[in-house]
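As structure tokens, the structure follows; a few thoughts come after it.
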Number of protein chains: 6
Amino acid sequence: MGTRNDGRLPDQLRPITIEPGFLDFPEGSCLISFGRTRVVCAATIEPGVPPFLEGTGRGWVTGEYSMLPRSTYERTPREAARGRLSGRTQEIQRLIGRSLRSVVDLKALGPHSIIVDCDCLVADGGTRTASITGGFVALAEAIRHLREAGKISGEPIRDHVAAVSVGVLGESICLDLDYSEDAGADVDMNVVMTGAGRFVEVQGTAEGAAFGKDVLDDMLAVAAKGIDELVKAQAAALES
Amino acid sequence: MGTRNDGRLPDQLRPITIEPGFLDFPEGSCLISFGRTRVVCAATIEPGVPPFLEGTGRGWVTGEYSMLPRSTYERTPREAARGRLSGRTQEIQRLIGRSLRSVVDLKALGPHSIIVDCDCLVADGGTRTASITGGFVALAEAIRHLREAGKISGEPIRDHVAAVSVGVLGESICLDLDYSEDAGADVDMNVVMTGAGRFVEVQGTAEGAAFGKDVLDDMLAVAAKGIDELVKAQAAALES
Amino acid sequence: MGTRNDGRLPDQLRPITIEPGFLDFPEGSCLISFGRTRVVCAATIEPGVPPFLEGTGRGWVTGEYSMLPRSTYERTPREAARGRLSGRTQEIQRLIGRSLRSVVDLKALGPHSIIVDCDCLVADGGTRTASITGGFVALAEAIRHLREAGKISGEPIRDHVAAVSVGVLGESICLDLDYSEDAGADVDMNVVMTGAGRFVEVQGTAEGAAFGKDVLDDMLAVAAKGIDELVKAQAAALES
Amino acid sequence: MGTRNDGRLPDQLRPITIEPGFLDFPEGSCLISFGRTRVVCAATIEPGVPPFLEGTGRGWVTGEYSMLPRSTYERTPREAARGRLSGRTQEIQRLIGRSLRSVVDLKALGPHSIIVDCDCLVADGGTRTASITGGFVALAEAIRHLREAGKISGEPIRDHVAAVSVGVLGESICLDLDYSEDAGADVDMNVVMTGAGRFVEVQGTAEGAAFGKDVLDDMLAVAAKGIDELVKAQAAALES
Amino acid sequence: MGTRNDGRLPDQLRPITIEPGFLDFPEGSCLISFGRTRVVCAATIEPGVPPFLEGTGRGWVTGEYSMLPRSTYERTPREAARGRLSGRTQEIQRLIGRSLRSVVDLKALGPHSIIVDCDCLVADGGTRTASITGGFVALAEAIRHLREAGKISGEPIRDHVAAVSVGVLGESICLDLDYSEDAGADVDMNVVMTGAGRFVEVQGTAEGAAFGKDVLDDMLAVAAKGIDELVKAQAAALES
Amino acid sequence: MGTRNDGRLPDQLRPITIEPGFLDFPEGSCLISFGRTRVVCAATIEPGVPPFLEGTGRGWVTGEYSMLPRSTYERTPREAARGRLSGRTQEIQRLIGRSLRSVVDLKALGPHSIIVDCDCLVADGGTRTASITGGFVALAEAIRHLREAGKISGEPIRDHVAAVSVGVLGESICLDLDYSEDAGADVDMNVVMTGAGRFVEVQGTAEGAAFGKDVLDDMLAVAAKGIDELVKAQAAALES
């Protein structure tokens, strides 16, 4: 069990940077990097809520996700040109939305909808985990904006939420896989956790052979360590 | 922690039935019931493989999923009329395909594609787990058909695969949620396992509060018990 | 002019079965079989009417139609995946709707819309005629449900409506063609009639040579005999 | 049973005009009028045949149909803008194709495809019957063009084909309904016949009460008279 | 610098004809020809305005554009069948709308929307310029209809608007290119001008080498001469 | 004629920055800023050419364009979610492609296709002109990459190409409009020119009153000055 392609230890994240206020117009935004992977996150506040929430006084948070065509090693055609979102995109959008909502008190948010757009400039693995982690920063900024504008009084954010991947590569359990590692992993898991270290989503998939409970336990422990560091990076970005 | 709506114990499956050969034309098919939930599974063998597998000698298995409009308590409009598959449908289709492929030796399958269609007649919760569990029976029948027709010689099926849901309802960890239970669960998890009791997919989501590692462990233990019974029902159906 | 593939006489229907209440949730439903052809029919009551009927006090009845991908001998791709309904599907949907409306007093139905979904499990010829014939049973059940719920007082159903195919095969005029007969017929006609023996729709098509008035007359007479038996089967199902 | 809105006798066609060679580029074309209804018909010869006919030596004929947005009394939005063809359009396209193919010896046509486009400039009822009647003239011109170019030697056209509507208005059976008559008819029938007076398509629909065999017989007799006159107009146009 | 294919002088228009009132139902319509190019223009008045104009008291004018499939030398498939408008069509529609709005006082038009449909029967080059030129005639007729119906009192039409193409072919600057000239031009420009000789749109494109200011000036002078003649033809048509 | 909102002189560009090599994977890329407007440009080399160029030995260059949803002051929904590209997007894509091709010797490029993706991070006016100007830098980088890889020997780039907007605001002719200026301009013109100062595209539109030849001349002179500076910025970026 030695070091990895890029010299990292198995349980080491790639270099993480978060640049808040990256865009000019959104209520909240940031540019987040997990190594080469770069995602622009933007949170937009819109008045009103979807029909199924009307009259409940509760707000809503959703995520949207896309990749620039040449964020990938080979160019990926635009979904807008194909006329429909791929299954992968829709699955990621649903995951981002659920993850962000898990730490928002929708009652305290009141009748506002927040759309968190995650657009990948460079996709070198981990775009969905970077999107959730950076999306939280954009969301928190937008909610601060709402409060400063006097539109809400309480604090709808109950905790941080962040996400990281973990996988089995040969004998090692590795944290925060880059694209080449992801392509060669036997098991691939995305874990979404709160700042308090509790699970929001656990999505593990055996790409090759099925895996046992002991491997699952080890992966979750490594993920928890990564989440802890990501939450610290979020906090630092939000204080700056 | 008493009994459930329908009198089941927390770790008890709904009545499971599998009727193999339900349709006239497919190479493999069955009607599977998890309580009121009923899904028609049909496996179709098509010559050739998708472009990315051409020339590799390997086969392929995919899943498709749909619900009859009135499989649900209130009618759900057809996706064909809307002109696009919902994100939920695509997510389930990808899950069915990955789960079934996890127990197939694609090299031994040779250059054949198998499409497993899962169409829900009645959707009272657990349609994706019933689809995977019944889809395996249809798939195994179709592969038996290939072998009996002399088109393959080895045995591409390496193990059973089955799926079940488990959730946290109040204080209880409950197996195989029906629709009303699913709507009220705090945590909802779908577990796909092999006959050997190893994990293929673990997808857990906190619908309300995030959950701790102890709850996760308990849910996985209950799921394993359910999978064991489903695998026995599959075996019985395939022997009949 | 001897017997047919399956031993039937020229003017003989395939075995007809109708199983009412086949689904758990719809207001009316049945499984109808014309030989191997099997169609699930479900009638859904929805409040309100389409815009062009608003304020008139009249109700509406429409039909929707689909085939399971592997209802056919070779698999037919899903229309939802293609993103549009084929011309054939739309033509059949319009026919089902018109046929069912022909025996409903829309004024007596009041401001309710009823959607009759016809989904083919097995398609061995005659799916549109089975859909209309079974659709009537589902519709009648749903309307009975409306009356029992006190939502309407009169009887909107004025008569039965049923449908059957008839074709010219070589020298014979044959009733209720199965798939192989349909593919070889020189003339193919679908006839929709009321219980009183009057025409609702007559759709005859020369597949090969055009046909004369005498052949048309003979076909209509054979169709009328078939309709008579179908109406009896409907009545029996509705009494059970 | 007096005269009609526009002074016609019940069994009288509207004024019929056919202007062959109306367009500059197609191999065959005409402008056909049934009263105010005007349809531009254009036949295009394309090399090759659809996949299901490849290698058979047989040709193919299809129809396409559209209405200019303001061919109707109130403007009808373009189907191209909606992104899909309506059910009505597809049904008419299939009818035009079947009707034209019924009089073409596809073997003698050889491996050519002919697309007959029918575009309505003014739609005052009877656009599908005018399309078939004018489409035949465009088709015959295009086939003549093929023969004159030495691309075929035999005569693929076996007979004329024309179409007309007939309906029940109150007590009268009326030929060639205009839009206002069509909207008020109790029974509406489109009849496609050959020059020899044989049936190609019979499509009768009860809009109100179902109808008896005697009415059907009377309608067919009136239609046959109209077809006879239309065939004469076609012949005159093709000789000019 | 001699004469052109068809004997025209470089700065000569093709024969121009405008037949007002060409269609039966629209509030304004005409058939316009620029040589072989023929476009049916129809103006429809609809009550109300798009959402962005609601409550402003201003009206709106838009253009729609389409080509009959066989308006072209080789058949062009229908955009309705492809399910989406091409970029070219949308670009032309936007140009027609902007051009027509440039001479309409939208305040004086009041809360009415006018849709000007331009459908090409024959497309031999210059369909967008013929559409704008003929579209103005249809629009002016429709506005006259509004005034005669007492729905508006002032005169929303402030001036004529017409359009023409001009191009560089070898050494010559040629007016009103036909299809074969357009395909061979080094520079292609569409100019939209008012009756007063002022510019509404100037769209020049170098197809081969880029061009200098002197060439641009010469092209604009030739275009102005053509516009002058087109405006006279419009006036004559509107007086008839 | 004083200064502008942001203190610029009428004929002054916003601050221009070009950061080449902005993305990790494309053969050529840059981030270009025109003031707040920021566009990521990426050039992808793909083997082969579109069908209409096969066998000609010539290459091809196209442009694609999109805006991040929150590049705009208010959020703009994704075109991928709507399922179709807007007319505006298609018009801009066509303009980018034509502009870039105008300075490329497609014969010297050989059988390669280059797609230039222009994705706007911030859209404060001038996104299409920034896309063309930055797209040229990405394109030139990609072509240099082709040459360094030994895949082409000659120099397909014949000159620079850049674009800028110019408009009439009140009495002033202003260069490089930002969003607020663009919204208030009476005339809006986009000019695409080569390094040699020749025109590739001239697209001028009167938003309010039509404009005279003198105004057109003045606008073109101001645009030429801006193009000159943009070409210098391109050259500096390509040398770095």
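Things to note:
- Taken as a whole, the condition of being within 12 Å of chain B (Cβ to nearest Cβ) and among the hydroxyl-bearing types (Ser, Thr, Tyr) does not apply to A:Thr129.
- Exactly one residue out of D:Gly87, D:Gly83, D:Gly7 is more than 14 Å from chain C (Cβ to nearest Cβ), out of contact with any Phe, Trp or Tyr (no Cβ under 8 Å at 6 or more places or on another chain) and of a type in the set (Gly, Ala, Ser): that is D:Gly7.
- Any hit, segment D:18-34, residues being more than 14 Å from chain C (Cβ to nearest Cβ), without any contact (Cβ under 8 Å) to a residue 60 or more places away in the chain and open to solvent by 30 Å² or more (accessible area, probe 1.4 Å): yes
- Matching residues in segment A:192-240 - criterion: being hydroxyl-bearing (Ser, Thr, Tyr) and more than 17 Å from the chain's Cα centre (by Cα): A:Thr205, A:Ser240
- In segment C:54-91, residue farthest from A:Ser86 (Cα to Cα) [restricted to those that are modelled with pLDDT under 95 and of a type in the set (A, V, I, L, M, F, W, C)]: C:Leu85
- Top-ranked residue of segment B:171-184 - restricted to ones that are small (Gly, Ala, Ser) and free of Cβ contacts under 8 Å to residues at least 60 places away in the same chain, ranked as least open to solvent (accessible area, probe 1.4 Å): B:Gly184
- Every test in (1) of a type outside the set (Phe, Trp, Tyr); (2) touching a residue at least 60 places away in the same chain (Cβ under 8 Å); (3) open to solvent by 30 Å² or more (accessible area, probe 1.4 Å) is passed by A:Asp159 save one, and that test is (2).
- For the residues E:Gly21, E:Gly48, the requirement of being in contact with a helix residue (DSSP H, G or I) (Cβ under 8 Å, 6 or more places away or on another chain) and under 26 Å from E:His112 (Cα atoms) singles out E:Gly21.
- Check on C:Glu74, within 13 Å of chain B (Cβ to nearest Cβ), among the acidic types (Asp, Glu) and either assigned to a strand (DSSP E or B) or open to solvent by less than 10 Å² (accessible area, probe 1.4 Å) (or both): no
- Picking from residues in segment C:177-210 that are in contact with a Ser or Thr (Cβ under 6 Å, 6 or more places away or on another chain) and not aliphatic (A, V, I, L, M), the one that is nearest to D:Asp186 (Cα to Cα) is C:Glu201.
- Qualifying residue in segment B:209-216 (condition: aromatic (Phe, Trp, Tyr) and open to solvent by less than 10 Å² (accessible area, probe 1.4 Å)): yes
- The set of residues in segment A:185-196 being closer than 14 Å to B:Gln203 by Cβ and open to solvent by 10 Å² or more (accessible area, probe 1.4 Å) consists of A:Asp188, A:Asn190.
- Residues satisfying the stated conditions in segment A:54-71, i.e. surrounded by fewer than 24 Cβ atoms within 10 Å (Cβ to Cβ) and touching a residue at least 24 places away in the same chain (Cβ under 8 Å): A:Gly57, A:Arg58, A:Trp60, A:Thr62, A:Met67
- Qualifying positions in segment D:90-120 - open to solvent by 10 Å² or more (accessible area, probe 1.4 Å) and within 12 Å of chain C (Cβ to nearest Cβ): D:Gln90, D:Glu91, D:Gln93, D:Arg94, D:Arg98, D:Arg101, D:Ser102, D:Asp105, D:Leu106
- Test result for F:Ala123, open to solvent by 30 Å² or more (accessible area, probe 1.4 Å) and small (Gly, Ala, Ser): no
- The C-beta contact set for segment B:194-223 (first residue more than 20 Å from B:Gly97 (Cβ to Cβ) and in contact (Cβ under 8 Å) with a residue 60 or more places away in the chain, second residue open to solvent by less than 40 Å² (accessible area, probe 1.4 Å) and in a strand (DSSP E or B), distance under 7 angstrom, 6+ apart or interchain) comprises B:Val222/B:Val166; B:Val222/B:Ile173; B:Val222/B:Leu175.
- Number of the exception - C:Gly57 against (1) outside any strand (DSSP E or B); (2) within 14 Å of chain D (Cβ to nearest Cβ): (2)
- Residues in segment C:67-96 that are within 23 Å of B:Arg94 (Cα to Cα), out of contact with any helix residue (DSSP H, G or I) (no Cβ under 6 Å at 6 or more places or on another chain) and not charged (D, E, K, R): C:Met67, C:Leu68, C:Pro69, C:Ser71, C:Pro77, C:Ala81, C:Gly83.
- Residue list for segment A:6-17, restricted to those being in contact with a helix residue (DSSP H, G or I) (Cβ under 7 Å, 6 or more places away or on another chain) and open to solvent by less than 50 Å² (accessible area, probe 1.4 Å): A:Leu13, A:Ile16
- Residues (among the acidic types (Asp, Glu) and touching a Lys or Arg at 6+ places or on another chain (Cβ under 7 Å)) located in segment F:92-127: F:Asp105, F:Asp117, F:Asp124
- From the options A:Thr62, A:Thr76, residue that is polar (S, T, N, Q) and either touching a Gly at 6+ places or on another chain (Cβ under 7 Å) or under 19 Å from F:Pro77 (Cβ atoms) (or both): A:Thr62
- Selection of segment B:35-54 for residues being charged (D, E, K, R) and within 11 Å of chain C (Cβ to nearest Cβ) yields B:Arg36, B:Arg38, B:Glu46.
- Here the condition is being modelled with pLDDT of 95 or more, among the charged types (D, E, K, R) and either assigned to a strand (DSSP E or B) or closer than 27 Å to E:Lys225 by Cα (or both); of E:Arg8, E:Arg4, it holds for E:Arg8 alone.
- When we screen E:Ser131, E:Ser66 for residues that are hydroxyl-bearing (Ser, Thr, Tyr) and assigned to a helix (DSSP H, G or I), the only hit is E:Ser131.
- Test for F:Phe199: is it over 17 Å from E:Phe199 (Cα atoms) and open to solvent by less than 50 Å² (accessible area, probe 1.4 Å): yes
- Within segment A:29-65, the set of residues being more than 17 Å from A:Val164 (Cα to Cα) and polar (S, T, N, Q) comprises A:Ser29, A:Thr44, A:Thr56, A:Thr62.
- Among the residues examined, B:Arg84 does not qualify as free of Cβ contacts under 8 Å to residues at least 60 places away in the same chain, assigned to a helix (DSSP H, G or I), open to solvent by 30 Å² or more (accessible area, probe 1.4 Å) and more than 25 Å from B:Glu229 (Cβ to Cβ).
- Taking the conditions (1) crowded, with 16+ Cβ neighbours inside 10 Å; (2) in a strand (DSSP E or B) in turn, B:Glu46 satisfies each one other than (1).
Let's see how each residue does on (1) under 30 Å from B:Gly28 (Cα atoms); (2) acidic (Asp, Glu):
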position: C:Tyr73; (1), (2): yes, no
position: C:Glu79; (1), (2): yes, yes
position: C:Glu91; (1), (2): no, yes
position: C:Val104; (1), (2): no, no
position: C:His112; (1), (2): no, no
position: C:Cys120; (1), (2): yes, no
position: C:Ala140; (1), (2): no, no
position: C:Gly150; (1), (2): no, no
position: C:Glu155; (1), (2): no, yes
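The values are calculated or read from the model by the stated rules, or taken from the named source; none is laboratory data. On a predicted model such as this, the values are computed, not experimentally measured, just so you know. In this analysis, Cβ positions are derived from the backbone assuming ideal geometry, glycine residues included, and neighbour counts consider all displayed protein chains. Just so you know, the surface numbers come from the protein's heavy atoms only, side chains and all, with ligands and any DNA or RNA stripped out. Shrake-Rupley method; radii C 1.70, N 1.55, O 1.52, S 1.80 Å.
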